[in-house]
1. Report, by residue number, each residue of the range 191-249 that is part of a strand (DSSP E or B) and touching a Pro at 6+ places or on another chain (Cβ under 9 Å).
2. Can you pull out every residue in the range 105-125 that is surrounded by fewer than 24 Cβ atoms within 10 Å (Cβ to Cβ) and outside any strand (DSSP E or B)?
3. Can you pull out every residue in the range 109-122 that is under 26 Å from Asn192 (Cβ atoms) and either aliphatic (A, V, I, L, M) or more than 19 Å from the chain's Cα centre (by Cα) (or both)?
4. Starting from the range 327-347, take each residue that is free of Cβ contacts under 8 Å to residues at least 60 places away in the same chain and list its partners that are of a type in the set (A, V, I, L, M, F, W, C) and part of a loop (DSSP other than H, G, I, E, B), counting only C-beta distances under 7 angstrom and pairs at least six apart or across chains.
5. Here are some residues: Ile303, Ile293, Ile323. Which one is of a type outside the set (Gly, Ala, Ser), assigned to a strand (DSSP E or B) and within 12 Å of Gly246 (Cα to Cα)?
6. Give all pairs with beta carbons closer than 7 Å in which a residue from the range 280-293 that is farther than 11 Å from Gly223 by Cα meets a residue that is assigned to a loop (DSSP other than H, G, I, E, B) and among the aliphatic types (A, V, I, L, M); count only pairs at least 6 apart in sequence or on separate chains.
7. Of all residues being at pLDDT 95 or above, of a type in the set (Val, Ile, Thr) and not in a strand (DSSP E or B) in the range 1-41, which is surrounded by the most Cβ atoms within 10 Å (Cβ to Cβ)? Just the residue, please.
8. Quick one: in the range 145-182, of everything that is in contact with a Phe, Trp or Tyr (Cβ under 9 Å, 6 or more places away or on another chain) and on the phi > 0 side of the Ramachandran plot, which residue is surrounded by the most Cβ atoms within 10 Å (Cβ to Cβ)?
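The values are calculated or read from the model by the stated rules, or taken from the named source; none is laboratory data. All figures in this text were calculated on a predicted structure; none of them were measured in a lab. Heads up, the Cβs are rebuilt from the backbone with ideal geometry, glycines too, and the neighbour counts pull from every protein chain shown.
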Amino acid sequence: MGKAVCCLLLMVLIARNHAVVVNIKTKGAIGDGKANDGPAMEKAWKEACAGGPAPSSVLIPPGTYMAFPPILFGGPCKGPVEIKATGATIKAPPELARFKSDSWIAVQYINKLTMTGGTFDGQGQETWKSKKCSDTAQTCQVPVNIRFSYVKNSLLKDITSLNSKYFHINILGCDNTIVDHLTIFAPDKSINTDGMHIGRTNGLNITNSKIQTGDDCISFGDGSKNIHVERLTCGPGHGVSIGSLGKYANEQPVDGIWIKNCTMERTTNGVRIKTWPNSPPGVATNIHFEDIIMNNVENPILIDQQYCPHNTCKKGAPSRVKISNVSFKKIRGTSATKVALRIVCNQGLPCDNIEVSGINLTYKGGGGAISECSHVKPRVVGQNIPPACPGAPHHRAV
């Protein structure tokens with residue numbers, strides 16, 4: 001009797017320490033691309049989330065699944081959880097009227113999440129055509145494909161986002177997280193389909209990714225800190241943007257952004273920092289762009305402190321976002337416009353400690369490219385093509 005009890009207790013302990021694997025098909029998912037498999041996904045998630053402390057996982061097998069909004073994968077969980085979706089395509093309903101929130105899939109308040117694989121198709125084609133959802137008439141609520149909020153110490157890998165109705169991926173408060181082999185696609189004429197928007201996150205690495213979309217490939221909002229982007233191919237799209245900043249009061253500083261070893265293909269901008277005029281005070285500092293290839297890019301290097309789309313702000317009034325400690329190094333390739341380098345800062349609050357080094361940009365239209373600068377005295381190192389900010393002090397390359 002004693003031995004039997006001991007064996008039973010041992011079996012219970014072993015069971016508790018084994019990972020819980022929940023296949024969404026055991027929760028009622030059909031996988032025919034028509035039936036709503038969203039509830040089955042949420043049921044599988046809840047079981048896996050409660051299965052700790054051993055790592056648990058949700059399995060979305062290869063196939064096509066329709067998932068009506070909103071889909072919530074929420075924590076906190078009792079242990080690490082993985083969502084495995086390799087070979088699976090998850091589709092949103094195309095009708096915007098089905099969406100009553102700003103997210104299609106919301107992933108939030110999770111520590112140690114691993115999310116691997118899966119194609120998430122927002123089917124945004126009809127939304128982009130809608131006049132009421134255009135840039136100039138924000139009269140409808142348009143959902144983000146996947147919204148990660150306070151997902152910390154996590155890994156997001158081999159994820160594909162297609163045809164989002166609005167931003168593809170929004171990252172908020174996702175400290176100490178890795179994003180690897182991300183693929184994002186929407187046509188270049190799609191509206192507000194930013195590939196990834198990041199805000200109030202400290203510690204994020206984005207590597208080996210490809211983004212082709214109708215807006216910024218990656219945009220950094222306030223509170224973005226200690227973020228590294230390497231081996232990104234961007235385009236078509238609007239490039240990589242710090243900002244826009246200064247639209248709202250009490251924005252947190254942007255501090256520590258590194259964009260390195262990336263390629264911009266036929267984008268409307270390459271690497272830029274943009275702030276609103278007539279803004280509240282703000283800070284953007286310690287921002288570095290290095291080893292960037294520009295292929296037929298309209299504005300390869302840009303700091304714009306008079307960013308004012310659709311004439312929605314008071315032009316002429318200075319931005320009060322202080323830009324400092326910024327470097328542009330080893331940026332080369334072709335510019336689709338004659339002005340390949342443009343740094344426009346504020347008269348009352350000029351940019352400080354801006355470095356330009358190893359620039360080699362030629363104007364694809366023929367003749368030499370030029371630079372335009374105002375209210376900035378950059379540190380210009382070595383020979384740069386075009387000459388950077390005529391009149392700025394030059395230094396020898398070390």
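1. Passing the criteria: Gln212, Lys225, Ser244.
2. Lys112, Gly117, Gly118, Gln123, Gln125, listed by residue number.
3. Once the filter is applied, which keeps residues that are under 26 Å from Asn192 (Cβ atoms) and either aliphatic (A, V, I, L, M) or more than 19 Å from the chain's Cα centre (by Cα) (or both), the range 109-122 yields only Met115.
4. Sorted first by the residue in the range 327-347, then by its partner, the pairs are Phe328/Ile359; Ser335/Ala369; Lys338/Ala369; Ala340/Ala369; Leu341/Ile359; Leu341/Ala388; Ile343/Cys389.
5. Of the residues listed, the single one that is of a type outside the set (Gly, Ala, Ser), assigned to a strand (DSSP E or B) and within 12 Å of Gly246 (Cα to Cα) is Ile323.
6. If the second residue must be assigned to a loop (DSSP other than H, G, I, E, B) and among the aliphatic types (A, V, I, L, M), the pairs left are Pro280/Ala249.
7. Of everything passing the filter in the range 1-41, Ile24 is surrounded by the most Cβ atoms within 10 Å (Cβ to Cβ).
8. Taking the candidates together, the pick is Asn163.
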